[in-house]
Amino acid sequence: MSEQADAVDLVDLLSVEGEDLAAAWVREVSGSLGRRVSAAELERELRELYEALVEALRQDAVDVHSEQMSEVRALLTELSRSRARKGFSPTETAISVFALKRVLEPVLRKGSSESVHAYLQLSRLLDELGLFTIETYTQTRDALITAQAEQLLELSTPVVRLWDGVIAVPLVGTLDSARTQVVMEKLLQALVDTGSEQAIIDITGVPAVDTQVAQHLLKTIVAARLMGAECTVSGISPQIAQTIVALGIEFEGIATKASLADALKLALRRSGVDLVAHRDGLR
Amino acid sequence: MHPVERNGDVVHIRQAIRALAQEGGLSLVDQTKMITAASELARNTLIYGGGGVVRAGAVAKDDRRGVGAVFEDSGPGIADVAQAMTDGWTSGTGMGLGLSGSRRLVDEFDLRTTPGEGTTVTIIKWAR
């Protein structure tokens, strides 16, 4: 049996009942997806895919990566991307492809040995297409996660103004190179924008300070100093203090305070502001 | 067993060690010390060892219990261990305190290295 004959068999298998097969496919898939994809949309997606697949097989496509399959790949990519964005599971995404196998099963029952052979071949092709779908799905999810991580990077580093000439950056979570870079840029820009001469870096929300975090902090402080601003590091917990000592990191010449309140008091004193407490309080 | 292939993996290892240290009954200070040491060594595995694996778990010896971790890479190894263990010396761009500092943060520290074959560092922090 030549390659050519095989291809014709595959096309026969898919087009023997013509329109019926595509409709059965849509029914099979819509049963598993519920109402989260509209019937009309699913119908359109699968019919396009079906036609592209028949066309590809007619042109003797041998596997999922062959030239003739490019239209099928494009449609599948679009389908899995849309599923991934809508929050479908990988199973719910791949079922769109695998359901076609189930639809074709009745053909086997009445079929000859040639059609069994053709079915197996098509089945192998559909497996590849299913895997391709899952791969695209995963890529899309990965891209989403990367985008979210970048958003998080932006969100998690606010620079707040505590007083005239005093700004603060409350750091929360893990400090890696990328985040520290963002923190440093934001802090330096805020120093310029607000004309502040006092900056407080609060690390209450940083669970551990290792040498990399310390190095990033020190660089930020030196950069701020070059711009004529004084930095205070606040929120150093007892356990972080002991860890820093054991590691051997020196914060020489840098003001550090246990709490943000203490750091603010220091910053105010340095900028010449006196805080006066009234015995009776202000009414 | 945790792979160390990317920067994000160091964070995962830190979280795994934190969970183990909490389960193992380490004090808050000891937890922080163990996590920081793991962070340093995992980063060394990544940067200087070119990636590797970390195994971590609860350990027990006699009637002491604690948390242990093994950092293994098949990178270039360390030619001069004494120099590498010196405060402030680095072959890279760091502070040069990671290796020597980690030793001070934990109770047991074992470094085995063969130039050209790789480096394995084992650390243990006992619960008090």
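The values are calculated or read from the model by the stated rules, or taken from the named source; none is laboratory data. The structure displayed is predicted, hence computed values, not measured ones. Positions of Cβ are generated from backbone atoms using ideal geometry, with glycine treated the same way; all protein chains shown enter the neighbour counts.
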Got a sec? Which of A:Thr146, A:Thr133 is touching a residue at least 40 places away in the same chain (Cβ under 8 Å), more than 30 Å from A:Asp274 (Cβ to Cβ) and assigned to a helix (DSSP H, G or I)?
-> A:Thr133
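This table checks each residue for (1) farther than 16 Å from A:Leu264 by Cα; (2) in a loop (DSSP other than H, G, I, E, B); (3) out of contact with any strand residue (DSSP E or B) (no Cβ under 8 Å at 6 or more places or on another chain).
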residue	(1), (2), (3)
A:Leu162	no, no, no
A:Ala168	no, no, no
A:Arg179	yes, no, yes
A:Ser196	no, yes, no
A:Ala199	no, no, no
A:Pro207	yes, yes, yes
A:Arg225	yes, no, no
Filtering region B:72-102 down to residues that are within 14 Å of chain A (Cβ to nearest Cβ), in a loop (DSSP other than H, G, I, E, B) and of a type in the set (A, V, I, L, M), which residue is surrounded by the fewest Cβ atoms within 10 Å (Cβ to Cβ)?
-> B:Met85
In region A:205-224, residue nearest to the chain's Cα centre (by Cα) [restricted to those that are polar (S, T, N, Q) and within 14 Å of another protein chain (Cβ to nearest Cβ)] | A:Gln212
Kindly check whether there is at least one residue in region A:179-194 that is within 14 Å of chain B (Cβ to nearest Cβ), touching a His at 6+ places or on another chain (Cβ under 8 Å) and surrounded by 16 or more Cβ atoms within 10 Å (Cβ to Cβ).
-> yes
Under the condition of being closer than 24 Å to B:Asp63 by Cβ and facing another protein chain (nearest Cβ under 8 Å), which residue from region B:7-44 is surrounded by the most Cβ atoms within 10 Å (Cβ to Cβ)?
-> B:Lys33
The residue from B:Arg18, B:Arg55 that alone is among the charged types (D, E, K, R), modelled with pLDDT of 95 or more and more than 15 Å from B:Trp126 (Cβ to Cβ) is B:Arg55
Among the helices (runs of 4 or more DSSP H) contained in region A:17-124, which hold 2 or more residues that are basic (Lys, Arg), more than 24 Å from A:Arg141 (Cβ to Cβ) and over 29 Å from the mean Cα position of the chain (by Cα)?
-> A:39-58, A:90-110
For region B:103-128, name all the residues that are in contact (Cβ under 8 Å) with a residue 60 or more places away in the chain and either among the small types (Gly, Ala, Ser) or part of a strand (DSSP E or B) (or both).
-> B:Gly118, B:Thr119, B:Val121, B:Ile123, B:Ile124, B:Lys125, B:Trp126, B:Ala127
Does A:Gly253 satisfy the condition of being touching a Leu at 6+ places or on another chain (Cβ under 9 Å) and either small (Gly, Ala, Ser) or within 14 Å of chain B (Cβ to nearest Cβ) (or both)?
-> no
Selection from region A:238-259 of residues farther than 19 Å from B:Thr86 by Cβ, outside any helix (DSSP H, G or I) and in contact with a helix residue (DSSP H, G or I) (Cβ under 8 Å, 6 or more places away or on another chain) yields A:Phe251, A:Ile254, A:Ala255, A:Lys257
For residues that are under 16 Å from A:Thr91 (Cα atoms) and touching a helix residue (DSSP H, G or I) at 6+ places or on another chain (Cβ under 7 Å), scanning just region A:26-41, find the one that is surrounded by the most Cβ atoms within 10 Å (Cβ to Cβ).
-> A:Val29
What are the residue pairs meeting all of these: first residue in region A:234-249, first residue at the interface with chain B (Cβ under 7 Å from one of its Cβ atoms), second residue among the small types (Gly, Ala, Ser), Cβ atoms under 6 Å, and 6 or more apart or on different chains?
-> A:Leu247/B:Gly101; A:Gly248/B:Gly101; A:Ile249/A:Ala214
